[in-house]
Every structure is written in C-alpha cells, then in structure tokens.
Amino acid sequence: MMVSYQQENELAVITINNPPVNALSHGVRQGVFDAIAKAQADDSKAIVLLCEGRTFVAGADISEFGKPMQEPSLAQVNAALESSSKPVIAAIHGTALGGGFELALSCHYRCAVESAAVGLPEVNLGLLPGAGGTQRVPRLIGLKAALDMITSGQKIGAVKATELGLIDRVLDGELKPAAMAYARELLANGAPLRRIRDMSVPADGLNEQALENYRQQLNKRKRGQEAPQKIVDCIAAAAGRTFDEGLAFERERFAECIASEQSAALRHIFFAERSAAKIQGIGKAVQPRAISKVGIIGAGTMGGGIAMVFANAGIPVTLLDLNEEGLERGLALIAKNYGITVSKGKLSEQEAAARQARISGSTDYESLADADLVIEAVFESMDVKRQVFSKLDEVCKPGAILATNTSYLDVNDIAATTSRPQDVIGLHFFSPANVMRLLEVVRADKTADDVLATAMALGKRIGKVAVLAGVCYGFIGNRMLRQYGREAQLCMIEGASPEQIDGVLTRFGMAMGPLAVGDLAGLDIGYKARESLTEEQKGDPRTYCIADALVEQGRLGQKTGAGYYRYDPQTRARSSDPEVLKIIKEQAAKHGVHQRKLSDEEILDRHLLALINEGFRILEEGIAQRSSDIDVVYVYGYGFPSYRGGPMFHAAQRGLKNVYESILKLQEQTGEAHWSPAPLLAQLVSEGKSLQDWESSKN
Ligand code: 3H9
C-alpha cells in the first residue's frame with residue numbers, strides 16, 4: 001500500500017510510503033485522493049499529511065512522463081486537498097520537491113523539521129512546476145522571490161523557507177508527534193482554512209520593465225533553454241489573471257515543456273547520472289572500503305583543487321609535495337581560494353576555516369602511512385608516476401587505495417610498478433577540481449571490485465558524478481576531445497576563423513568554444529607534449545601547425561594576453577586578432593591547403609560527428625559501460641549542453657542513419673581515414689537497430 005489512512009482521536013493521518021523518494025506515482029495520487037475523501041466523511045477535525053522513509057515527496061514520478069496519464073492527475077489531488085472542509089497540514093522531512101512541494105502548497109498549513117528543505121527543481125528537467133507551483137508560490141512570497149526560486153530550481157532550507165513564508169512552522173523533535181501537536185494547536189486556535197488559491201499576489205514592485213530585465217538576465221544565465229522563459233510567463237500570469245486562468249495557462253506551458261526535446265534530453269541526463277554510478281557485474285554485496293583519511297601528492301593547481309574537494313566533504317587530507325616551496329605555494333593558493341569564496345558570501349568564515357584546517361601539508365611520504373586513499377596528481381610523465389607509485393607501495397598500509405589522476409597514461413603500467421595492482425585505480429578529476437562535477441573512474445585490468453565500488457561511493461560523497469572508464473589513451477572524455485579538437489584545427493586551416501568556430505559551438509550550447517578553451521588552458525601545454533613525440537606520433541601536421549605557430553610567437557593564450565584571440569590585460573575581455581588570421585593563412589599556404597568559406601552547418605556537423613563517431617568506438621570497445629555514461633562525461637566534464645542530452649543522445653535524436661550517412665559523406669568528400677564510420681554505428685544502421693536495442697541485447 002502506497003498510502004495509508006488512520007484516525008488518531010481528532011486527527012486523521014495520511015501517510016505516503018513509496019520508496020525510495022515517495023514519488024507521486026499513480027498509486028500515490030489515487031491513495032491520497034481517496035484518503036482525502038474518506039477524511040471528509042469521518043469525525044476527524046484536521047488532517048496531517050506526511051511520508052515514511054527518507055523524505056517527503058520528491059516530485060512527480062519522472063519515469064511516468066511520456067506515458068499516458070492515469071487519473072487522478074496531481075492537479076485533481078491538489079484541488080481535493082485545497083478544497084477539504086477540514087484543515088490539512090503537510091508535515092515535511094527530507095526534501096519536498098517539485099510536485100511534492102506543490103502537494104504541500106495545496107495544504108492549508110506546512111510544517112517541517114529543521115533539516116528539511118523545499119524546492120521546485122523542475123527547471124533542471126526542462127520543465128516548470130505543472131501542478132500550481134507557479135501560481136501558489138507568488139501568492140505566498142511575491143513575484144520576485146518566486147522568480148528566483150523557480151527559475152533557479154534551488155532548494156531552500158526549512159528555516160529560510162519559514163522566513164520567506166513558504167513554511168508556517170519549524171518543528172522541534174520528531175516529525176510525527178511534533179506535527180500532530182502543531183495540528184492540535186491550530187485546531188485549538190480555531191485556525192482558518194488557509195487556501196492559497198484565494199490569496200492575492202503581494203505587490204513587490206516588479207513591473208513590466210523589471211520583468212523584461214529579468215528575462216534578459218535569464219537568457220544569459222540559462223542560454224538556449226526554453227523552460228526558464230516559460231516560467232517567467234507563468235509567474236507573470238499569476239499577477240495578471242485569476243487563479244484558475246493562471247492554472248490553465250501553467251498547465252498548457254507544462255504540456256509544451258514535457259513534449260519538448262530539451263526536457264527529454266534533461267530527463268535522460270537525470271537518469272543517466274544515476275545509472276552511471278552503477279557498475280555492471282558489481283552488486284550491492286560488494287562492500288566499499290572505509291575512507292576517512294586521504295593523501296594527495298602534488299600541491300599544484302590540480303592537487304590543491306582535489307584537496308579542497310575532500311576537505312569540503314569533511315574528509316581530512318594530507319597534501320604532500322617534496323618541494324617545500326611548492327607545498328607552501330599550494331597551501332597559500334588553497335587559502336586564497338577559500339578567501340574568495342568567503343568574500344563572495346558563499347561560505348561563512350568559520351566554515352572556510354574548518355575546511356582549511358582539514359588540509360595539512362607534508363614533505364614526507366611517511367605521513368601517508370595511515371591514509372585510506374592516496375591520489376597522485378603530479379607531473380604527467382610515466383617515469384615520475386612510476387617513482388611515486390613505488391614509493392607509495394613502500395609506505396602505504398595494506399588495503400590503502402592508490403589512485404592516479406593521470407589524463408592519458410596507461411593505468412595498467414602504473415599499477416604494475418606496485419606489488420598490489422588490485423588496489424590501483426585511476427581517479428581522473430577535471431580542472432578546476434573543486435568546481436567541475438565529473439570524475440572519471442578508471443578501471444585497470446587488475447583493479448579489485450571493492451576498490452571500484454569504493455570509488456563510485458566516494459564520488460557521490462564528495463559531490464562528483466562518477467563515471468567508469470576503461471584504460472585507453474585519454475579514457476572516455478579526452479579521447480573524444482582529441483577528435484573534436486582535430487576538427488577545430490582543420491576547420492581553421494581550411495578557412496574558418498576562431499570566432500566563427502567558437503561562435504557556432506557556443507550557439508549550439510557548448511559552455512565555451514574549443515579555441516577559447518585552448519587559450520584558457522594554455523597553448524604551451526599541447527606544444528610541450530608534442531615536443532617529446534616523433535613526427536609519426538604527432539600525426540597530421542595540419543591538426544597542430546597553427547597552435548605551434550602561435551606558441552612560437554609567444555602567444556600562449558590568456559596568460560600572455562594573446563592566443564587565438566587577444567585579451568585585455570585588465571578585464572581579460574576577448575577580441576579577435578587579424579594577426580591570427582594571417583598566421584592561419586600562412587600555415588594553410590605552407591601545408592598546401594586551399595582555403596574556402598565554411599558554412600556554420602558544416603563546422604557544427606564536423607565537430608559533433610567527430611565526437612559521436614569516437615563515442616561509438618569507445619562503446620564498442622567497452623571503454624564506456626553504456627552510451628549514457630558518455631553523455632554524462634560530456635555534459636559534466638566538457639560543457640556539452642545538458643539540454644541536448646550529450647553527444648550519444650543527440651545522435652539518437654538525430655537518427656543513427658542520418659549520422660552514419662553524414663559521416664560517410666565526409667569520408668567521400670575528404671578521403672580522410674578518420675572519417676571512416678565506427679563499425680558499431682555501421683552495424684546498427686544496417687540492422688535497423690537503436691543504441692538501446694544494442695545495449696539491452698548486450699546485458
Ligand atoms: C515534477 O514534480 C513535475 C510537477 O511539477 C508537475 C507534475 C504534473 N521520479 O537521486 P537519488 C529515483 S518533476 C522517479 O540517487 P538521493 C532515482 O532515479 C520532478 N524516480 O537519491 C533513483 O533511482 P535508482 C521534480 C526518482 O538521495 C532513486 O530514486 N522533482 C525521482 O541522492 C534515488 O535517487 C525532482 O526533480 C522522481 N521524481 O537524492 C527531484 N527522484 O535507485 C528529483 C528520484 O533506481 N530527485 N528518483 O537509481 C532528486 O533530486 C533526488 O533524487 C533526491 C534524492 C534529492 C530526491
């Protein structure tokens with residue numbers, strides 16, 4: 001039974017129990033609807049609505065979206081709650097999210113334990129609150145606060161929510177007894193039926209112009225996304241229309257969102273993120289190892305960032321660098337970063353100090369003897385890594401997990417330098433490590449199952465999205481990035497400017513264009529890496545000659561004020577540079593490339609198809625467990641627009657046949673070997689199968 005009903009003296013209690021998150025599946029909606037009807041007929045005087053398990057209702061059941069809706073709808077349930085002739089009190093613990101919070105808003109009073117939070121996160125799924133949220137919230141807290149809450153999708157803690165007026169009472173003590181006492185208090189005081197639908201929107205001075213400004217800001221913050229603008233439309237409707245008209249307007253906008261490709265993509269990413277945490281063949285029986293002390297080797301930007309990630313999650317860290325000065329610099333940078341967060345008002349001074357205190361510096365490997373996990377983040381050289389791992393093998397306690405943060409090197413080779421390859425794993429963080437959400441967990445041939453299980457659980461604990469990858473050059477993300485970067489270079493030498501290429505890709509929704517990213521990272525990195533390669537290993541000179549020419553003229557990117565672009569020394573504002581176009585032309589002439597005008601469509605297609613084709617190879621080779629994992633890597637690590645669902649989802653939406661034929665066409669036009677379609681893609685197209693068909697037949 002998903003919903004139970006009991007009468008306890010003058011109070012009726014409706015309890016929802018639909019693990020894991022009490023989503024509003026059909027059974028829950030029906031159960032609450034029936035219970036409300038029952039409560040109208042008995043001699044109870046007030047109704048308390050609460051949930052079993054870890055949380056109040058976390059929203060509509062997302063897995064039911066796209067299927068025919070079975071009545072009663074959430075709107076019908078909410079109307080029944082709000083029309084109840086007896087006061088209904090929602091009692092919240094955990095999180096009341098989306099439809100769950102809308103359910104609570106249809107009650108006459110809301111109380112919550114202090115640790116609870118409420119929110120309307122629909123925007124993260126390309127949706128808007130579709131069961132009255134956009135109409136009831138402004139009536140409670142005003143238009144401006146409603147806009148901020150609903151367009152951000154952020155959760156609001158119980159205390160703050162009470163200050164705002166979203167919750168009426170923060171409860172002391174255990175949920176149910178405290179909520180019952182609150183209900184009895186309301187009864188004793190003759191509290192009225194407080195129906196939000198009957199309230200008017202408080203005036204908060206938000207006029208047409210302010211609304212327009214808000215829209216423009218949103219356009220920047222949520223570039224390319226449809227749902228945020230529709231949320232503004234709905235909230236404006238709350239001010240200008242009757243409650244019922246507003247509800248009808250909201251319902252129509254919700255229907256548009258749910259049918260949109262953007263929402264389908266964002267829902268795909270929601271479930272993709274959750275399935276990424278699961279490793280095929282490793283069940284719940286495999287217990288993760290306990291991690292309560294972590295060592296990090298290398299106090300550079302990466303090591304320092306990783307140290308902050310653990311300190312932020314409450315885990316003590318020893319940051320080791322053999323170079324005393326390097327260590328001091330690293331610790332000072334960490335202190336500076338915390339200082340910046342405090343000055344932005346995002347962290348209290350006290351909390352920042354507590355986090356910083358969790359990081360201690362050391363120059364002695366012996367200080368890692370009792371660490372449960374050590375992550376190496378030193379210079380990307382196999383010799384250096386080998387030295388580090390043999391040292392770790394000497395000093396670390398048995399059972400400690402030894403991880404490398406390498407981006408490209410072979411984790412099997414690194415593991416082989418130790419006497420315990422089963423404990424060695426890749427943990428590939430992305431820069432800046434304390435900001436980027438992706439964590440590639442690299443499984444070497446001998447990595448033990450419980451080490452993998454630990455890495456996935458740890459990923460969640462430190463707020464990262466962990467994705468499993470196999471060993472190959474560049475793992476999932478950087479291996480695909482290489483193909484993408486190649487197209488950026490080729491498009492340039494063939495005649496596209498950096499602005500055109502970056503413009504096309506940012507309009508598609510990428511967080512940054514590939515050349516702006518190059519300037520940010522520093523063009524010298526690739527240059528130095530190429531220095532140690534043979535001509536053959538470097539590959540086609542057309543794919544790096546422009547970058548090399550820029551570096552040789554001292555244009556290393558943002559840090560030298562010039563790279564593919566020129567940067568203002570004060571503001572860092574970017575502008576195009578005719579000098580770069582000259583360099584590109586020279587290189588084209590030198591390599592016998594005939595320059596022409598490239599269309600935006602061609603540029604976009606070549607970049608996306610390069611990613612997708614490599615994605616299929618990665619999938620077929622088993623480097624990624626599933627296509628949705630590749631999407632998660634690209635969305636969380638490489639700025640691919642989440643509202644397009646990642647490269648593989650995008651490929652499926654475009655149609656595999658179309659993708660295949662477009663790649664074939666490029667192969668015919670260019671004669672380039674890199675445009676040979678991935679065998680798996682060719683196979684699926686010839687068999688008329690989808691990625692899903694292939695994945696389910698494999699499992
Ligand atoms: C909405 O409400 C629309 C309405 O306005 C209008 C309707 C007309 N449905 O995240 P976890 C599953 S839109 C179905 O690992 P946590 C999840 O897939 C919705 N399933 O746990 C996972 O399954 P599995 C607005 C859901 O403790 C399991 O539950 N609400 C839903 O880290 C555990 O999830 C939201 O957007 C769902 N709504 O975090 C809230 N939610 O074990 C979405 C979760 O098979 N949910 N599952 O992998 C969340 O943000 C987090 O799940 C939550 C718990 C914070 C609740």
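The values are calculated or read from the model by the stated rules, or taken from the named source; none is laboratory data. Please read these numbers as outputs of a predicted model, since none were measured by experiment. No Cβ is skipped: glycine too gets one built from the backbone with ideal geometry, and neighbour counts run over all protein chains shown. What goes into the accessible areas is simple: the full protein's heavy atoms, side chains included, and nothing from ligands, DNA or RNA. Shrake-Rupley method; radii C 1.70, N 1.55, O 1.52, S 1.80 Å.
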Counting sequence-distant residues (5 or more places) and residues on other chains, those with an amide H built under 5 Å from that of I92 are C111, A112, V113
To the nearest 0.05, the calculated FRET efficiency linking N9 and S115 through their beta-carbon distance, R0 being 41 Å, is 0.90
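How much length is gained on full extension from N658 to A673, taking 0.36 nm per residue of separation minus their Cα-Cα distance? Numbers along the way, then the final one.
Numbers: separation 15, 0.36 × 15 = 5.40 nm, distance 1.96 nm.
Taking 0.36 nm per residue and subtracting the Cα distance, the gain is 3.4 nm.
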With the 1.4 Å probe rolled over protein heavy atoms, the chain has an accessible area per residue in Å² of 43
Stretched fully, the stretch from L604 through L322 gains (0.36 nm per residue minus C-alpha distance, one decimal, in nm) 97.0 nm
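Which entries in the list K528/K597; K144/K176; K155/K346; K160/K284; K336/K559; K222/K597 go over 27 Å, if you measure between the two C-alpha atoms of each?
Values: K528/K597 32 Å; K144/K176 33 Å; K155/K346 15 Å; K160/K284 37 Å; K336/K559 19 Å; K222/K597 31 Å.
Flagged as over cut-off: K528/K597; K144/K176; K160/K284; K222/K597.
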Non-local residues with an amide H under 5 Å from the amide H of E376, with H modelled 1.01 Å from N and Pro and chain starts lacking one, are I297, A403, T404, N405
Counting only residues 5 or more apart in sequence or on a different chain, those whose built amide H sits under 5 Å from that of A46 are A12
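Of all trypsin sites (Lys or Arg not before Pro) in segment 501-602, which ones are in loop regions per DSSP and have a Cβ with at most 15 other Cβ atoms within 10 Å? Don't skip to the end; give the middle numbers.
Numbers: sites: R507, K528, R530, K538, R542, R555, K559, R566, R572, R574, K582, K585, K590, R596, K597; in loops: R555, R572, R596, K597.
Counting only loop positions with at most 15 other Cβ atoms within 10 Å, the trypsin sites (Lys or Arg not before Pro) in segment 501-602 are R572, R596, K597.
Within segment 425-478, which chymotrypsin sites (Phe, Trp or Tyr not before Pro) sit in a loop by DSSP and count at most 15 neighbouring Cβ atoms inside 10 Å? Please report the intermediate quantities before stating the final value.
On the way: sites: F429, F430, Y473, F475; in loops: F430, Y473, F475.
Filter output for segment 425-478: Y473.
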In whole angstrom, the spacing between the Cα centers of segment 645-699 and segment 13-46 equals 48
Between K559 and K220, the two model label points (7 Å from Cα along the beta-carbon direction) sit apart by a distance in nm of 2.9
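Got a number for carbon plus sulfur as a percent of segment 3-258's accessible area, 1.4 Å probe?
Working: 5220 of 10430 Å².
Answer for segment 3-258: carbon and sulfur cover 50 percent of the accessible area.
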The percentage of the accessible area of segment 294-469 (probe 1.4 Å, all protein chains present) made up of carbon and sulfur atoms, to the nearest whole number, is 50
Helix 175-188: inclination vs the chain longest Cα principal axis, degrees, rounded to 10, gives 40
Compactness summary of the chain: radius of gyration and Dmax from Cα atoms, Å, are 28.1, 91
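Apply the Kirkwood formula to segment 477-599: the hydrodynamic radius equals the inverse of the mean of 1/r over all pairs of different alpha-carbon atoms; give it in Å with one decimal.
Working: mean 1/r = 0.0683 Å⁻¹.
With all distinct Cα pairs of segment 477-599 included, I get 14.7 Å.
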Label model pair S200, R241: point-to-point distance (7 angstrom along the Cα→beta-carbon line) in nm is 2.0
Segment 287-413: antiparallel bridges as % of DSSP beta bridges, rounded to 5, reads 0
Counting only protein heavy atoms with a 1.4 Å probe and every protein chain in place, the carbon and sulfur fraction of the accessible surface of segment 511-643 in whole percent equals 52
Straight-line reach check, K230, cutoff 14 Å on alpha carbons, 8 or more apart in-chain or any other chain, hits among aspartates and glutamates -> E122, D148, E212, E250, E252, E256
The alpha-carbon center of segment 555-609 and that of segment 299-362 are separated, in whole Å, by 36
Counting only DSSP loop positions in segment 217-255, the trypsin sites (Lys or Arg not before Pro) whose Cβ has at most 16 other Cβ atoms within 10 Å are R223, R241
Length gained, S25-A354, 0.36 nm per residue minus C-alpha separation, equals 114.2 nm
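Using alpha-carbon pairs under 8 Å, 6+ residues apart, how would you state the relative contact order of the chain in percent? Walk me through the numbers on the way to the answer.
On the way: 1264 pairs, mean separation 62.0, N = 699.
Dividing the mean separation by the residue count of the chain yields 9 percent.
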Rounded to the nearest 10, the angle in degrees between the Cα long axis of helix 243-258 and the longest principal axis of the Cα atoms of the chain comes to 30
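Could you calculate the FRET efficiency of S367 with K278 from 1/(1 + (r/R0)^6), where r is the beta carbon distance between them and R0 is 35 Å, rounded to 0.05?
0.50
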Of all DSSP beta bridges with both partners in segment 391-523, the antiparallel percent, nearest 5, is 30
In deg cm²/dmol, rounded to the nearest 500, the helical mean residue ellipticity at 222 nm of the chain, built from -39500 (n - 2.57) for every DSSP H run of length 4 or more, is -15500 deg cm²/dmol
Relative contact order in percent for segment 477-599 (Cα pairs under 8 Å, 6+ apart) equals 30
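Average the reciprocal distances over every distinct pair of alpha-carbons in segment 3-258, invert the result, and give the Kirkwood radius in Å. Working shown, then result.
Numbers: mean 1/r = 0.0550 Å⁻¹.
Result for segment 3-258, one decimal place: 18.2 Å.
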A210 and K689 label points (each 7 Å along its Cα→Cβ direction) are spaced in nm at 5.8
For the chain, percent of DSSP beta bridges that are antiparallel (nearest 5) comes out at 25
Length-normalised contact order of segment 100-151, Cα under 8 Å, at least 6 apart, in percent, tallies to 39
